1. Quick one: is residue 170 among the aliphatic types (A, V, I, L, M), more than 16 Å from ligand 2 (Cβ to nearest atom) and loosely packed, with under 14 Cβ neighbours inside 10 Å?
2. Is one or more of the residues making up the range 48-70 within 19 Å of the chain's Cα centre (by Cα) and either at negative phi or assigned to a helix (DSSP H, G or I) (or both)?
3. Out of (1) of a type in the set (D, E, K, R); (2) within 16 Å of ligand 2 (Cβ to nearest atom); (3) surrounded by fewer than 16 Cβ atoms within 10 Å (Cβ to Cβ), the odd one out for residue 182 is which?
4. Checking the structure you have, find out if any residue of the range 196-207 is over 25 Å from residue 314 (Cα atoms) and in a helix (DSSP H, G or I).
5. Does residue 241 satisfy the criteria of being under 17 Å from residue 163 (Cα atoms), without any contact (Cβ under 8 Å) to a residue 60 or more places away in the chain and not small (Gly, Ala, Ser)?
6. Scanning the range 270-290 for residues that are in contact (Cβ under 8 Å) with a residue 24 or more places away in the chain and over 11 Å from the mean Cα position of the chain (by Cα), which turns out nearest to ligand 1 (Cβ to nearest atom)?
7. Out of (1) within 29 Å of residue 166 (Cα to Cα); (2) of a type in the set (Ser, Thr, Tyr); (3) within 23 Å of the chain's Cα centre (by Cα), what's the single condition that is false for residue 94?
8. Taking the range 233-264, which residues are within 16 Å of ligand 2 (Cβ to nearest atom) and aromatic (Phe, Trp, Tyr)?
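The values are calculated or read from the model by the stated rules, or taken from the named source; none is laboratory data. Keep in mind that this is a model prediction, so the values were computed, not measured. Cβ atoms come from the backbone with ideal geometry, glycine included; neighbour counts cover every protein chain shown.
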Amino acid sequence: MSGKSVGSGGVLRSGVKFNFIPETLESPYKDVLKGRRWQRPSFVFLSASVLLFVTVFYGQSLTTPLKQFRNASSVVLDSQWKKVLTFFGNDDFYLYVVGVVLVSQIPFWSVGCMFMFVDYYNWPRWTRKYKLQPGTHEPVDLNRLKETIRVVLINQWSVTIPLLLSSYFMKKFTNTMPIIDDLPSLQRFIVDFIIFIIVDEIGLYYVHRLMHHPKLYARVHKKHHEWPAPIAITFLYSTKIENILNSIPAVLGTVMTNPHLFTFWAWYVFVHVRGLIIHSGYHIPGLATLEEHNYHHMMSNACYGRLPFLDWLHGTDKGFHAYLARKELEKQQQQQKSE
Ligand SMILES: [Zn+2]
Ligand SMILES: [Zn+2]
């Protein structure tokens, strides 16, 4: 957690020269920075509160036609779910183990291959304007890519799947297998999901900071930081021990709530797609909090969370907001020049 302060200058881990913002000095950045740090946490908090409020009161204020629509759609969804259960033979081993493998591997490799295609062929060209670190991996080195795929496959098949098998037998033994029959209500689904996100975020933030401790970093986490400008599949490019440590917060919420199997699957899809997107190296329009983790890979000593709250609370996001302010100011200056 030690390292460069915001006020110093230097070269990024990716080799790109970077002048840090002199936070202690009066500068034009100060105006851009003003009030910025709390904007992201408060925006996410407000959105989550509105979602929770709507969910809790969902159904109580619906008009009769909307209630009929809701009931009809839940009948359709339930019948589709029954078909899925029949496909897996209503067998909890296939549903829990094979089902989770499929809902993790299919989104991971389909979305991951899409990003790899763009990075390797450097095409379509319009994607270039969304690069967070322009000039890096344009195109990505093939040998490096092959090695990354190899490490990811080893992690998936030698760590994730054995962990999944052991959790299956533990759940069987403790009689806590997820419910598989009728789909959960929308309220239950969203409340479970919010709990997963909160538990995962708290766990990930502190586990991640711990992995940056000098006594652990080299052995546990340095491998993941071999990509200062990450590409999507580097989400799982890590040591085996890091892979296990990162899995714990993601699983903890599901242990606490014992959700329906559908919620469990949806969570696994979410975790994998989120991991790919935050490592993709692209700013995807509309997804506001993606740049934090990219900045973490650039600097290695800031922005440890997936959401902005704990970084805001611990002040580990200051350099990031200064960096954003600098980019924004440069953009404004360029616009002024071209006018
Ligand atoms: Zn990362
Ligand atoms: Zn890290």
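1. Taking the combined requirement at face value, the residue satisfies it.
2. Yes: the range 48-70 contains one or more residues that are within 19 Å of the chain's Cα centre (by Cα) and either at negative phi or assigned to a helix (DSSP H, G or I) (or both).
3. For residue 182, the exception is condition (2).
4. Checked the range 196-207: no residue is over 25 Å from residue 314 (Cα atoms) and in a helix (DSSP H, G or I).
5. On the way: under 17 Å from residue 163 (Cα atoms): yes; without any contact (Cβ under 8 Å) to a residue 60 or more places away in the chain: yes; not small (Gly, Ala, Ser): yes.
Against the criterion (under 17 Å from residue 163 (Cα atoms), without any contact (Cβ under 8 Å) to a residue 60 or more places away in the chain and not small (Gly, Ala, Ser)), residue 241 qualifies.
6. 281
7. Of the numbered conditions (1) within 29 Å of residue 166 (Cα to Cα); (2) of a type in the set (Ser, Thr, Tyr); (3) within 23 Å of the chain's Cα centre (by Cα), the odd one out for residue 94 is (3).
8. Hits for the range 233-264 are 235, 237.
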